[in-house]
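Worksheet for the structure shown next.
The values are calculated or read from the model by the stated rules, or taken from the named source; none is laboratory data. This is a predicted model, so every value here is computed, not measured. Neighbour counts are summed over all protein chains in view; Cβ atoms, including those assigned to glycine, are modelled from backbone coordinates with ideal geometry.
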Amino acid sequence: MKNRVTVVVTIIITMAVLFTVGGMSAFKNDDQKLSFTDTVTVSGGKIVSEETAPVHFDPVGETCSFAISVAGPDGLLSDIRIYKGDPLTAITSDPIYSTTGSNLNTNTGDLSVNDQNIYIRIKSLLKENAGIEDGEWAVAYSFILHTESKSAASMILPFAVAALLTVLAIVLVRELNKTSEKEYDEMQLLQRGKAAINAFIITVVTAMGFAFCAMYTTNFPLTVYETVTIITVTGAVSFGIICDINDAFVGFREKRIKYAVLFWVLSILAIFGSGLIHVGERPRPKYFTTNIIIAVYFAVFALELTINYIVDKRNGGKEDADEES
Amino acid sequence: MKNLKLKSARAAMDLSQQELADRVGVSRQTINAIEKGDYNPTINLCIAICKALGKTLDELFWEA
């Protein structure tokens, strides 16, 4: 009874999370907002601070527009220029939009971008005869990128979530209509429990490792989304491998080689997804690192399943031979 | 420590590990682990194995 309650609660929580994610994805637009504050140092009537690093956006579709807002002292002008294209050459080409002013609140109107990267350069200038005092001045910037198109991920996600919700609903109905509790193999339950604890420890250690790296690394290369994905896959794959090594099947029984083939295929798909085949391209495709790590995990899991399948087959054969003699 | 008493009792009844596993409702790997001494079964499983092989707990699992 307790088991059934925990299974039902788990399914309901999973469905609620999926429903929220799917709903958010379906109704949310793909606007990207970036706000930050830059400090401008004025000394001897001149600006001494360097130009800020270019701001990067990755719009989807043919056109996009920016709502730009700048708040700072009246004596400081912000020269804002928007470029499109490759990161190495974009900011040396002509800007597709430029504006200069203090305390700006403007919209760029439709800019033709054709799915290319956008870089924004910001330079602070002194307004003539403004008589700004020496010192450090804070200028707050806000950029809201608006696109009419939705990214492929945003379009596919609601359908994928709907499919998963349907599967979970079926599982939930079956679980509620079950008439008898299945008896499980006690050794495998024990091994699964041990595997779950070990996988949990591995997951926690991985999460702590990422947290440590993010804390002490400037420009940590992974986004929160990628980090969480890698940590989750680490836990799931660890659990699968530990279970299989210890003969706790978790659904792999009698179908090991089929699962091995499936994970080899998934690994290859992840390599394609990473864009590794276009290795010479710059910038790297989105989620390159995550896809490569997932490809390696799937390959390791597939290799482990394949080896265990071969070993198990040999041991089974040996045992039969012993019993015949 | 290997459980040779269990292995010989099973062999005496001409049962494979899989057949014994099916009779007591566990996997072949579990029977294999018990025979190899890698897994210490619960009393319920010990009783089920004894019933399947027609032996007592002492005969299969008692170590003098």
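Data table
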| read-out | value |
| --- | --- |
| Residue among A:Thr166, A:Thr223, A:Thr179, A:Thr203 that alone is farther than 29 Å from A:Arg4 by Cβ and either without any contact (Cβ under 8 Å) to a residue 60 or more places away in the chain or among the polar types (S, T, N, Q) (or both) | A:Thr223 |
| Residue count for region A:228-252, restricted to those that are over 16 Å from A:Val296 (Cβ atoms) and modelled with pLDDT of 80 or more | 7 |
| Qualifying residue in region B:1-16 (condition: closer than 15 Å to A:Asp247 by Cα and exposed (fewer than 15 other Cβ atoms within 10 Å of the Cβ)) | no |
| B:Ala64 being hydrophobic (A, V, I, L, M, F, W, C), within 10 Å of the chain's Cα centre (by Cα) and either farther than 16 Å from A:Glu186 by Cβ or at pLDDT below 85 (or both) | no |
